[in-house]
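Notes to accompany the following structure.
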Amino acid sequence: QVQLVESGGGLVQAGGSLRLSCAASGRSFSNAVMGWFRQAPGKEREFVVISWSRSTPYYADSVKGRFTISRNNARNTVDLQMNSLKPDDTAVYYCAEDPYYSGTDWQKYAYWGQGTQVTVSS
């Protein structure tokens, strides 16, 4: 059974940094698409970045240049380094994975973590 567990959220001031981590288990994820999504209060879940195993990650325009995804296929982990955080980045961040789908539509991802809260104060 696939399990995704996020960690690393917290409270940070604007301009600060946080690093989120997602540990995956249940099978090999070396060829899977893995991504980070977020959901702010009262808003729809949105994609942040998706990572294919052998291609350049695809970032949402809102985080490009500030966030960096890194994955370790041997350890089945995918991290999200978030720099220059803004209050608008406040949301619950989710790690997601799908063995077949490779796009940005969150509704098509099969597996999700429980989410980790990121709060950026102004």
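Give me the percent of the accessible area of the range 1-117 that comes from carbon and sulfur atoms, probe 1.4 Å, all protein chains in place. Walk me through the intermediate numbers first.
Numbers: 2780 of 6090 Å².
Solvent-exposed carbon and sulfur of the range 1-117 make up 46 percent of the total.
What does the net charge come to around Ser70 if you take all other residues with beta carbon closer than 13 Å to its beta carbon, with K and R at +1 and D and E at -1?
Values: positive: Arg19, Arg71, Arg75; negative: Asp79.
Charge balance near Ser70 sits at +2.
Write down the accessible area per residue of the chain in Å², having rolled a 1.4 Å probe over the full set of protein chains.
52 Å²
Cut-off under 20 Å on the C-alpha distance; same-chain residues fewer than 8 positions from Lys108 excluded. Which aspartates and glutamates are left, in chain and number order?
Hits, sequence-local ones excluded: Glu6, Glu44, Glu46, Glu97, Asp98.
When only C-alpha pairs under 8 Å and at least 6 residues apart count, what is the relative contact order of the chain, in percent? Numbers along the way, then the final one.
Values: 295 pairs, mean separation 44.6, N = 122.
It rounds to 37 percent for the chain.
Gaussian network model of the chain, Cα springs within a sub-10 Å range: biggest mean-square fluctuation belongs to which of Ser17, Ser30, Ser62?
Ser62
Using θ = phi - 60° and the Karplus curve 6.51 cos²θ - 1.76 cosθ + 1.60, what whole-Hz ³J(HN,Hα) does each residue of the range 86-103 get, with Gly and Pro shown as x?
Once θ is set to phi - 60°, the couplings for the range 86-103 become 10, x, 5, 7, 4, 4, 8, 9, 10, 8, 9, 8, 8, x, 10, 7, 9, x Hz.
If we count every other residue with Cβ under 13 angstrom of Val92's Cβ, Lys/Arg +1 and Asp/Glu -1, where does the sum land?
Neighbour charge sum, excluding Val92 itself: -1.
Considering the options Ser122, Pro41, Ala96, tell which one lies farthest towards the positive end of the dipole of the chain, charges being +1 on Lys and Arg and -1 on Asp and Glu at the Cβ, about the Cα centre.
Ala96
Taking the dipole about the Cα centre of the chain, with the C-beta of Lys and Arg at +1 and of Asp and Glu at -1, give me whichever of Ala110, Gly9, Ile69 is farthest to the positive side.
Final value for the positive-end residue is Ile69.
With charges only on Cβ, +1 for K and R and -1 for D and E, what is the dipole size of the range 1-96 about its Cα centre, in debye, rounded to 20? If you can, show how the numbers build up before the last one.
On the way: 11 positive and 7 negative charges, 51 e Å.
For this selection, approximately 240 debye.
Starting at the first residue of the range 24-39, write each ³J(HN,Hα) from the Karplus equation 6.51 cos²θ - 1.76 cosθ + 1.60 with θ = phi - 60°, in whole Hz, x for Gly and Pro.
In residue order, the calculated couplings are 10, 8, x, 5, 6, 10, 4, 10, 8, 7, 10, x, 10, 10, 8, 9 Hz.
The values are calculated or read from the model by the stated rules, or taken from the named source; none is laboratory data. As the structure is a prediction and not an experimental result, all values here were calculated from the model. Note that we place each Cβ from the backbone using ideal geometry, even for glycine, and neighbour counts take in every protein chain shown. Each accessible area value is taken on the protein alone, full model and side chains, heavy atoms only, with ligands, DNA and RNA left out. Shrake-Rupley method; radii C 1.70, N 1.55, O 1.52, S 1.80 Å.
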